[in-house]
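Pasting in a structure now, in C-alpha cells, and then I'll have a few things to ask.
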Amino acid sequence: QVQLVESGGGLVQAGGSLRLSCAASGRTFNSYAMGWFRRAPGKGREFVAAISRSGGSTLLLDPVKGRFTISRDNAKNTVFLQMNSLKPEDTAVYYCAASLAFGRMVGEGYDYWGQGTQVTVSS
C-alpha cells in the first residue's frame, strides 16, 4: 500500500511558477514509477509527466515540454513537478500517482493516487 499526498498548489499569475510535491508513505517508493496527471474544469483526466523508478527517464506531455520538469528524491520518498511559465490553460487539479511500470500515460496504468492539489493560473 502506498499513500500519496500532494502539496504546493495555489493561485499564480500567468508566467509565474509553482513547484508541486508529492510525498509517499512506505518503504517501497523506489519500486514505483511516478506520474502527474491533471483534470481541468469540465475536462477529463490528462497525463502530464512521468518519471522512472531511478529518475533516469522522464516523459512529458508535449504542451508542457520546456516549461515543466519532473524529478524525484528517493531518499525523501518525494516526487516533484516544477512548473514554469504557467498559462491559464494549465489551471487544473493536479494528481500524483504510482505505477509499477514506467511510461504509462493513462490513468488505468496507475495503482495509487493522491487527493490532488489545485493550481489556478490567472491571466
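The values are calculated or read from the model by the stated rules, or taken from the named source; none is laboratory data. Given the structure is predicted, the values throughout are model-derived calculations rather than measurements. Glycine gets a Cβ as well: all are built from the backbone with ideal geometry, and neighbour counts include every protein chain shown. Keep in mind that these areas ignore ligands, DNA and RNA; they rest on the heavy atoms of the full protein, side chains included. Shrake-Rupley method; radii C 1.70, N 1.55, O 1.52, S 1.80 Å.
Val64 fails exactly one of the following numbered conditions: (1) crowded, with 19+ Cβ neighbours inside 10 Å; (2) among the aliphatic types (A, V, I, L, M); (3) within 17 Å of Ala14 (Cα to Cα); (4) touching a residue at least 40 places away in the same chain (Cβ under 8 Å). What is the number of that condition?
Of everything listed in (1) crowded, with 19+ Cβ neighbours inside 10 Å; (2) among the aliphatic types (A, V, I, L, M); (3) within 17 Å of Ala14 (Cα to Cα); (4) touching a residue at least 40 places away in the same chain (Cβ under 8 Å), Val64 misses just condition (4).
Right, something else. Could you please let me know if Val121 is in contact with a helix residue (DSSP H, G or I) (Cβ under 7 Å, 6 or more places away or on another chain) and either open to solvent by less than 30 Å² (accessible area, probe 1.4 Å) or modelled with pLDDT of 95 or more (or both)? It would help to see each step written out before you state the result.
Details: in contact with a helix residue (DSSP H, G or I) (Cβ under 7 Å, 6 or more places away or on another chain): yes; either open to solvent by less than 30 Å² (accessible area, probe 1.4 Å) or modelled with pLDDT of 95 or more (or both): yes.
The answer is yes for Val121.
For the subset of segment 2-30 comprising residues that are open to solvent by 50 Å² or more (accessible area, probe 1.4 Å), of a type outside the set (A, V, I, L, M) and not in a strand (DSSP E or B), which member is nearest to Ser123 (Cα to Cα)?
Checking each candidate, the answer is Gly15.
May I ask you to verify whether Arg53 is at negative phi, assigned to a strand (DSSP E or B), open to solvent by 10 Å² or more (accessible area, probe 1.4 Å) and at pLDDT 95 or above?
Details: at negative phi: yes; assigned to a strand (DSSP E or B): no; open to solvent by 10 Å² or more (accessible area, probe 1.4 Å): yes; at pLDDT 95 or above: yes.
Judged against the criteria, Arg53 is not a match.
Is there a residue in segment 76-92 that is over 14 Å from the mean Cα position of the chain (by Cα), among the basic types (Lys, Arg) and not in a loop (DSSP other than H, G, I, E, B)?
For segment 76-92, residues over 14 Å from the mean Cα position of the chain (by Cα), among the basic types (Lys, Arg) and not in a loop (DSSP other than H, G, I, E, B): present.
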